[in-house]
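These notes concern the structure reproduced below.
FYI, it's all coordinate maths here, none of it is from the lab. Values in this document were obtained by computation on a predicted structure and should not be read as measured data.
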Amino acid sequence: MNQAADVALLGGGCFWCLEAVYQELQGVTGVVSGYAGGHVPHPTYEAVCGKETGHAEVVRVTFDPAVITYREILEVFFATHDPTTKDRQGNDVGPQYRSVIFTMDASQEETARSVIAALEAAELFDAPIVTEVAPAPVFYPAEDYHQNYYRLHGAQPYCAFVISPKLAKFRKQFASRRRVAGDQGTRG
């Protein structure tokens, strides 16, 4: 696998939300929740939530470029979170919830900036897009209890009130891009 072409590293609020969305997208072969963009090696969830490590909650999305393009990965990203609020997604507030695209190479950076420019030109949002675009730093997988969170805890109140509406929006907007029933993808 050519990792530079097959991995997206994205932060758009709570990683549980993005993980749940990308696990249902055709062409995605793995999703891992984690942390990136900070200055403390091997951060813990508690440290990141303390807002002192500089990390964002992110997902590492592994995908098959023969099935889905990086541009399409980003189109889903912008459709399933609010890229106009700095350090905030709904009631989740803090730098760990910032909107950020960590790029693996110059091609990904160019694509990310092109998608943002197209969205700005189309005036799809009521405010300017504040999504950061930066080279990919070290990615630290989150603790095991954060992985596959929505699948394991879908009835939990946060899942029901925050993640489920995002999934419903994704399912409606990207119905033709959803996985076939029974194809659950993998963690990886």
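Amide H contacts for GLU132 (H built 1.01 Å from N in the peptide plane; partners 5 or more residues away or on another chain; cut-off under 5 Å): SER99, VAL100, ILE101. Working note: Debye formula, equal point scatterers on the alpha-carbon atoms of the range 3-177, no solvent; log10 I(q)/I(0) at q = 0.09 Å⁻¹ is -0.27. Restricting the calculation to Cα atoms, the range 83-188 yields a radius of gyration followed by a Dmax of 16.1, 41 Å. Close amide H partners of ARG179, meaning residues 5 or more places away or on another chain with modelled amide H under 5 Å apart, are LEU25, GLN26.
Overall size of the range 1-78 from C-alpha positions, given as principal axis extents largest first: 39, 24, 17 Å. Close amide H pairs (under 5 Å, H built 1.01 Å from N) link TYR35 with VAL58, TYR140, ALA142, residues at least 5 positions away or on another chain.
In order along the range 57-68, the Karplus-derived 3J(HN,Hα) couplings, from 6.51 cos²θ - 1.76 cosθ + 1.60 at θ = phi - 60°, round to 6, 9, 10, 9, 9, 9, 9, 9, x, 7, 10, 9 Hz, and Gly and Pro are given as x. Using the Karplus relation 6.51 cos²θ - 1.76 cosθ + 1.60 with θ = phi - 60°, the per-residue 3J(HN,Hα) values for the range 130-137 come to 10, 4, 7, 10, 8, x, 5, x Hz, with x marking Gly and Pro.
Extension gain, CYS49 to THR69, is 4.0 nm, computed as 0.36 nm per intervening residue step minus the present C-alpha separation.
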